[in-house]
Amino acid sequence: MQIIEKETAFQLNKPSAAAIGKFDGIHRGHQSLLRHVLEQKDKGLQAVVFTFDPSPAVLFSGVSLPELTTKREKRNLFEKLGVDVLIEYPLNFTTAAMPAEEFVAKVLAGRMRIAYLAAGTDLSFGKEGKGDTALLLKMAGQYGYRTDIIEKVCLDGVEISSSYVRDVVKAGNMEKAELLIGEAYSVQGVVAHGKKLGRRLGMPTVNLLPEREKLLPPYGVYFSEVSVGEKVYKGITNIGCKPTVGDERQAGVETYLYDFAQDIYGSEITVRLFSFLRPERKFGSVEELKRQMAADIARGRYYDHSREQTAK
């Protein structure tokens, strides 16, 4: 996948099918939009995703909300889905002042050479957000592109949105998050060295320090799985600051993997969180912590067995 970042004077070399948005969470609503774009690859068009960096909300408010998917995670997910080109268009007060009609003419039709555009019903762009789906449809004939306006995807009568997914994750409802996203909520990163307490307890763990902008669910223990390359391992994950053994200030993601003894320091992994088991707590001793970990592992193995049976 080609990534175009920090560049306004780019030029695509062939006609494209595109989707525009922030795509935080890449939930089922986003996936519906992307499917329409990816289907156009069969017609010889390259699949393009266009995002603003930072988002208009961040630029004008000066406040960054925790992200469901970080820039790194988005890049990995878009590539996995089959996107050919990801454009991270630099947004500042100059580029944000571009009139909507000029954005369509110069950026979409000109630099991106769009032949097809999939847009959500609430899309807005251009100066003061005056560009919308009506304008895209109006200008389609002039610039020779086709446009599909994609309706929102709903779950139980509620529109799926990034803010909805964010609220669900913040509440620790990982089962609901999985329904909204289409797969388990995940955290990606590189395995780092920890204090090796788990190893001393006979329960070695995999430590991941998430990106600071990543939205984490409530501190506690979760049933989980970890992807390392093409392999997937079941386990339990603790999210938090390890109150029993230290005073860590930044939350970490620490996972015990069943029947796993490989050295994967420096490897990039994905931790998927399926269900909340219990809150993080401070134990009276390391021995008490060890007993609780053993109980958590037993419950985790039972959970995984039950999940596998349900999936059959």
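All of the numbers you see were taken from the coordinates with simple rules; none came from a lab. Since the structure is predicted, the reported quantities are computational estimates derived from the model, not experimental observations. Using ideal geometry, Cβ is built from the backbone for each residue, glycine included, and neighbour counts are taken over all protein chains shown.
Considering only DSSP states other than H, G, I, E and B, which trypsin sites (Lys or Arg not before Pro) in region 1-101 qualify as loop sites with at most 14 other Cβ atoms within 10 Å?
Sites meeting the loop and neighbour criteria: K6.
Using only the alpha carbons of the chain, determine the length spanned along each of the three principal axes and report them from longest to shortest in whole angstroms.
Over the chain, Cα extents along the principal axes are 72, 43, 37 Å.
Expressed as a rounded percentage, what relative contact order does region 1-100 have, with Cα pairs under 8 Å and six or more residues apart?
42 percent
Just the C-alpha atoms of region 184-311: what Rg/Rh do they give, with Rh taken as the Kirkwood radius?
With Rh from the inverse mean 1/r over Cα pairs, Rg/Rh is 0.93.
Once you sort the root eigenvalues of the Cα gyration tensor of region 1-58 as a ≥ b ≥ c, which label holds: rounded (a/c under 1.5), prolate (a/b larger than b/c) or oblate (the other case)?
Because a/c hits 1.5 or more and a/b fails to exceed b/c, region 1-58 counts as oblate.
Kindly provide the helix-only [θ] at 222 nm of the chain, computed as the sum of -39,500 (n - 2.57) over DSSP H runs of four or more divided by all residues, to the nearest 500 deg cm²/dmol?
Taking each H run of at least 4 residues, the total per residue is -8500 deg cm²/dmol.
What angle, in degrees between 0 and 90 and rounded to the nearest 10, separates the Cα long axis of helix 133-143 from the longest principal axis of the Cα atoms of the chain?
Once rounded, one gets 50 degrees.
Measuring from label point to label point, each 7 Å out along Cα→Cβ, what is the T8 to D148 span in nm?
Placing both labels 7 Å along Cα→Cβ, they lie 3.2 nm apart.
Could you give the length gained by full extension between T121 and V58, i.e. 0.36 nm per residue of separation minus their alpha carbon distance, to one decimal place?
20.5 nm
Restricting the count to DSSP beta bridges whose residues both fall in region 10-158, what percent are antiparallel, rounded to a multiple of 5?
10 percent
Under 5 Å between amide hydrogens, which residues at least 5 positions from K214 or on another chain qualify, with H placed 1.01 Å from N in the peptide plane?
Counting only residues 5 or more places away or on other chains, the set is E67.
Hey, in the GNM for the chain with a 10 angstrom Cα cutoff, which one of V190, V85, V286 fluctuates hardest?
V286
Quick one: net charge of V226's neighbours, Cβ under 10 Å, K/R +1, D/E -1?
Computed value for this residue: +2.
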